[in-house]
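Take a look at the structure below.
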Amino acid sequence: MYGPSSRCAVTMATMRLYLLHYLLFLAVLHHRPSSGEPPQWQDTDMPYEELKARLGEGTVRLFDVREPIELVEDGEIPGAVNIPLGDVEEAFQLPPSEFRQKYSCEKPGKDDDDVVTSCLAGVRSFDALETLRRLGFHKVKHYPGGFLEWSELCEQEWKAKDETKSTKNSIEAPTPVDKKESGNTENPTAPPAPPNSIPSPQDKTEL
């Protein structure tokens with residue numbers, strides 16, 4: 001038979017095992033798609049390059065779920081529509097006409113694959129994605145880099161363009177040469193005739 005100390009050790013080990021199983025269950029429950037989600041649930045991210053290209057083409061609708069004050073203080077991605085995270089669930093259940101009136105854009109359809117959420121660093125945008133997918137918008141994606149990555153990469157691209165432009169100008173803009181100082185006499189220019197010059201006999205005949 002087990003002594004008191006042995007029974008205590010077994011009990012503690014059993015409790016730890018139960019606790020471990022419970023934590024694993026919570027982790028799986030948190031990351032498991034809700035019932036009815038399609039197999040594309042893991043296809044959630046849109047990278048910077050694709051988002052920028054599609055924004056330029058007008059083939060994506062970006063919803064920024066930060067608070068309005070953040071857009072004023074930090075900046076925003078051009079073309080994004082601001083719907084704070086706390087309003088996302090209610091907003092996407094509005095009738096299309098009310099959605100258009102409130103946010104000045106068309107309400108996405110549940111089968112649309114051009115809807116992307118963004119925030120500052122990808123945390124709230126993923127929460128918005130989960131909310132929208134639970135509402136039936138199964139093809140929504142989010143921009144995991146958020147405005148932090150967007151602003152950083154855009155700044156790097158601008159700097160690279162400026163450096164390229166400066167280098168190109170320095171190569172293509174030669175220093176002008178002063179012909180007088182260089183002593184170039186290949187095409188000398190005849191001096192103009194003095195104002196009171198006397199015409200030659202030949203000139204008189206032609207007159």
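A few comments on the model shown:
- Of all the residues in region 72-89, those that are farther than 25 Å from residue 134 by Cα and surrounded by 17 or more Cβ atoms within 10 Å (Cβ to Cβ) number 2.
- Selection within region 114-153: residues that are open to solvent by 30 Å² or more (accessible area, probe 1.4 Å) and assigned to a loop (DSSP other than H, G, I, E, B). The member of this set that is nearest to residue 83 (Cα to Cα) is 120.
- In region 72-86, the residues that are free of Cβ contacts under 8 Å to residues at least 24 places away in the same chain, assigned to a loop (DSSP other than H, G, I, E, B) and farther than 13 Å from residue 125 by Cβ: 78
- Any hit, region 62-71, residues being open to solvent by 60 Å² or more (accessible area, probe 1.4 Å), modelled with pLDDT of 95 or more and either assigned to a loop (DSSP other than H, G, I, E, B) or in contact with a Phe, Trp or Tyr (Cβ under 8 Å, 6 or more places away or on another chain) (or both): yes
The values are calculated or read from the model by the stated rules, or taken from the named source; none is laboratory data. Quick caveat: nothing in here was measured; it's all calculated off a predicted structure. Every residue, glycine among them, receives a Cβ derived from its backbone with ideal geometry; neighbour counts consider all protein chains shown. Please note that ligands, DNA and RNA were not included when accessible areas were found on the heavy atoms of the full protein model with its side chains. Shrake-Rupley method; radii C 1.70, N 1.55, O 1.52, S 1.80 Å.
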